[in-house]
Amino acid sequence: MDKALYLQPAFMMEKYMEKTIDESIQGSALSLDGKNGNARKLYIESYGCQMNFSDSEIVASILSKEGFDTTQQLNEADLVLVNTCSIREKAELTVRKRLEKFNAIKKERPHLKVGVLGCMAERLKHKFLEEEKIVDMVVGPDAYKDLPNLIQEIDEGRNAVNVILSKEETYGDVAPVRLNTNGITAFVSITRGCDNMCTFCVVPFTRGRERSRDPQSIIQEVNDLWDKGFKEITLLGQNVDSYLWYGGGLKKDFDKASEMERATAVNFSKLLEKVALAQPKMRIRFSTSNPQDMTLDVIHTMAKYENICNYIHLPVQSGSDRILKAMNRLHTRAEYFELIDNIKRIIPDCAISQDMIAGFPTETEEDHQDTLSLMEYVKYEYGFMFAYSERPGTLAERKLEDDVPDDIKKRRLTEIIDLQRQHSFERIQANLGKVQEVLIEGSSKRSDDHWMGRTSQNTVAVFPKEHYQVGDFVMVEMEDCTSATLLGKAVGYSKNQG
Ligand code: SAM
């Protein structure tokens, strides 16, 4: 049983976010507004974390040069690509159902080709082609530049597969095509892969070892986004705080770097500063932070630059030291509290969100109570909460029995969700009466007379449109709230405007 509840402001769920999974956009068919007049049509559907949605933009960019325009109409597609997620069993089951549907369409449109991309492609590799025979092409997350060759293979009637994981690939030289964009907020990938080896997690096996992208290419992308009118970017990676550029190569090989490479290396706080300085009027966010890698200099950099948003997504997964150890999370409960205290001391109005897993193997009632008491200490703004789902090949699957019964997992997850709901409501109410800067992202879904935007803390705010425009930075007085949305009225432009 896999259950997740996302206590995100409703509007945020429309677009957002981060490496974390956003239910409302799962399976979105991504397409570009302006067509290039290419002959063939690509229908690309994305599942899972924000990295996948961002990768789909890279894939669309590569294929636009190969004669493909994106479409949202499945019935006009010549090529269907599904960018997949393996993080929990349910994610894979959803994709399988979709693949069955695409296979059925093939009967009516025999020339249609179907390819599977991303984490499931990497995890199941040739199995898709040989045993299951449900797709024509299997492409892992580091092989997208090989797509032109692979497509030629399938055009000539052969199945194609490339699941080689790379030591270097960061797609730094591919300018992503922005799909389904609001024109205001965008994601910029800064790292790929993950070295953390959390025992529950499939990511190190599907996305390979961690490597960082050249800061020059990151700044170039950010500048380009600003020139195109974007006002906010989120720096993306499985573990952004671990960012380290020393001329290219795997993070784990840094100890083999030359003296010169070490001396000129760029870590995450330096990168954050470079980005903040490159575009001082652009809002900057980042995600995800792993507590074990988040250093004080990052928090100080956030405090120093007004354009870096006061919001940190800081997954903890459990409040029990014993479970944290079994998960190979390389910090204790006390160290996590110390980090939280430092954040609150240095940035008093910083919002913090969490990821939590209920029912990890061997979790006792006492461990679960530790999770609830940790939540009481932090009082997160919101969270992403999951029941543990055993993933093939992970360390937990190999070493530990999935021994917490489903009904207990479910009950513990419900208790975690209920507590988070209570804290989210307390946190959002604390904004009432305050005047906060909101960046307008678009019309409110519920009312065409209202704008929707987000505060620096990432809380969704809705207010009457008056003369303001999409992309404006507006000061909004917060008058009321629902459990996840602030309701207010504009009192003028922010000093950031103009
Ligand atoms: N890199 C981030 C970190 O280390 O905190 C998280 C990456 S993961 C893509 C997103 C979230 O999915 C995790 O933080 C975790 O809460 C959840 N997750 C990962 N593996 C899981 C599993 N096997 N069962 C349930 N939830 C899982």
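All of the numbers you see were taken from the coordinates with simple rules; none came from a lab. Note that the coordinates shown come from a computational prediction; the quantities given were computed from them, not determined experimentally. Quick reminder, even Gly has a Cβ in these numbers, built from the backbone with ideal geometry, and neighbours come from all protein chains shown.
With +1 on the Cβ of every Lys and Arg and -1 on the Cβ of every Asp and Glu, and nothing else charged, how large is the dipole of the chain about its Cα centre, in debye rounded to the nearest 20?
Working: 65 positive and 78 negative charges, 110 e Å.
Using only the charged Cβ atoms, the result is roughly 520 debye.
In whole Hz and in residue order, list the ³J(HN,Hα) couplings for the stretch 250-267 that follow from phi through the Karplus curve 6.51 cos²θ - 1.76 cosθ + 1.60, θ = phi - 60°; x for Gly and Pro.
6, 4, 5, 8, 4, 5, 9, 5, 6, 4, 4, 4, 5, 5, 9, 5, 10, 9
Just want the ordering: THR199, THR185, from fewest to most Cβ atoms lying within 10 Å of their own Cβ. Provide the component values of the computation, followed by the final result.
Values: THR199 20, THR185 23.
Taking fewest neighbouring Cβ atoms as first place, the list is THR199, THR185.
What is the order of ASP253, ASP142, ASP195, fewest Cβ neighbours within 10 Å to most?
Going from sparsest to densest Cβ surroundings: ASP253, ASP195, ASP142.
Which loop-located trypsin sites (Lys or Arg not before Pro) does the stretch 224-254 contain, where loop means any DSSP state but H, G, I, E or B and the Cβ has at most 11 other Cβ atoms within 10 Å?
LYS228
Taking the highest mean first, how do the peptides 121-127, 157-163 order by number of other beta carbon atoms within 10 angstrom per residue?
121-127, 157-163
Just to confirm a number: summing +1 for Lys and Arg and -1 for Asp and Glu over residues other than ASP321 whose beta-carbon lies under 13 angstrom from that of ASP321, what do you get?
Details: positive: ARG322, LYS325, ARG329, ARG333; negative: GLU335, GLU363, GLU366, ASP367, ASP370.
Surrounding charge for ASP321 is -1.
In the stretch 400-470, what GluC sites (Glu not before Pro) fall in a loop by DSSP, with at most 12 other Cβ atoms inside 10 Å? Mind showing how you got there, number by number?
Numbers: sites: GLU401, GLU415, GLU426, GLU437, GLU441, GLU466; in loops: GLU401, GLU466.
Filter output for the stretch 400-470: GLU401, GLU466.
How much length is gained on full extension from PHE254 to GLN152, taking 0.36 nm per residue of separation minus their Cα-Cα distance?
This chain segment gains 33.0 nm when fully extended.
Once amide H atoms are placed 1.01 Å from N in the peptide plane, what residues at a sequence separation of 5 or more from LEU81, or on another chain, have their amide H within under 5 Å of its amide H?
TYR43, ILE44, GLU45, GLY115
Within the stretch 420-498, list the trypsin sites (Lys or Arg not before Pro) lying in a DSSP loop whose Cβ has at most 12 other Cβ atoms in a 10 Å radius. Let's see the in-between values first.
Values: sites: ARG421, ARG427, LYS434, LYS445, ARG446, ARG454, LYS465, LYS489, LYS495; in loops: LYS434, LYS445, ARG446, LYS465, LYS495.
Those satisfying the criteria are LYS445, ARG446, LYS495.
Once label points are set 7 Å from the Cα along Cα→Cβ at both GLU89 and ASP173, what is their separation, rounded to one decimal in nm?
The two pseudo-label positions are separated by 4.3 nm.
Grab the eigenvalues of the alpha-carbon gyration tensor for the stretch 125-176, scale each by 5, take roots, and send me the semi-axes largest first in whole angstrom. List each step's numbers first, then the result.
Working: eigenvalues 99, 36, 11 Å².
For the stretch 125-176, the ellipsoid semi-axes come out as 22, 13, 7 Å.
Based on the Cα atoms of the chain, what semi-axes does the equivalent ellipsoid have, where each is the square root of 5 times one gyration tensor eigenvalue, given in whole Å with the largest first?
33, 28, 24
Among residues other than THR332 whose Cβ falls under 11 Å from its Cβ, what is the net charge (Lys/Arg +1, Asp/Glu -1)?
Net local charge, THR332 excluded: +1.
Give, as ranges by residue number, the residues of the stretch 338-370 whose backbone N falls under 16 Å from the point 7 Å along Cα→Cβ of LYS410.
Residues 358-359 qualify, since their backbone N sits under 16 Å from the label point.
Report the Cα centroid-to-centroid distance between the stretch 134-191 and the stretch 194-271 in angstrom, as an integer.
Each part reduced to its Cα centre gives a spacing of 19 Å.
Exposure proxy check: MET294, MET475, MET197, MET260 ranked by fewest other beta carbons within 10 Å?
MET260, MET197, MET475, MET294
Pull out the extension gain between ARG421 and LYS434, defined as 0.36 nm times the separation in residues minus the alpha carbon to alpha carbon distance; nm, one decimal.
Taking 0.36 nm per residue and subtracting the Cα distance, the gain is 2.5 nm.
Distances longer than 21 Å among the Cα atoms of the stretch 109-250: what percent of all pairs is that?
Every Cα pair in the stretch 109-250 considered, those over 21 Å come to 52 percent.
Dividing the alpha-carbon Rg of the stretch 400-498 by 2.2 N^0.38 Å yields what? Before the final figure, lay out each step's value.
Details: Rg = 18.0 Å, N = 99, 2.2 N^0.38 = 12.6 Å.
With N residues counted in the stretch 400-498, Rg over 2.2 N^0.38 Å equals 1.43.
What nm distance separates the two modelled labels at LYS228 and THR332, each placed 7 Å from Cα along Cα→Cβ?
Reported label-point gap for LYS228 and THR332 is 4.8 nm.
So for the chain, taking the charge dipole from beta-carbon charges (+1 Lys/Arg, -1 Asp/Glu), which of ASN307, TYR380, TRP226 sits furthest toward the positive end?
Result: TRP226, furthest along the dipole toward the positive end.
First obtain the Kirkwood hydrodynamic radius of the stretch 235-326 from its Cα pairs, then insert it into the Stokes-Einstein equation at 25 °C and 0.890 mPa s, and state the resulting D in µm² per second as a whole number. Numbers along the way, then the final one.
Numbers: Rh = 14.6 Å.
Estimated via Stokes-Einstein, D reaches 168 µm²/s.
Just to be sure I understand the model, the point goes 7 Å from the Cα along the line to the Cβ. What's the resulting ASP402 to ALA303 distance in nm?
4.4 nm
On a full-extension model of 0.36 nm per residue, what is the gain between GLN220 and THR264, subtracting their alpha-carbon distance, rounded to one decimal in nm?
On the way: separation 44, 0.36 × 44 = 15.84 nm, distance 1.90 nm.
Taking 0.36 nm per residue and subtracting the Cα distance, the gain is 13.9 nm.
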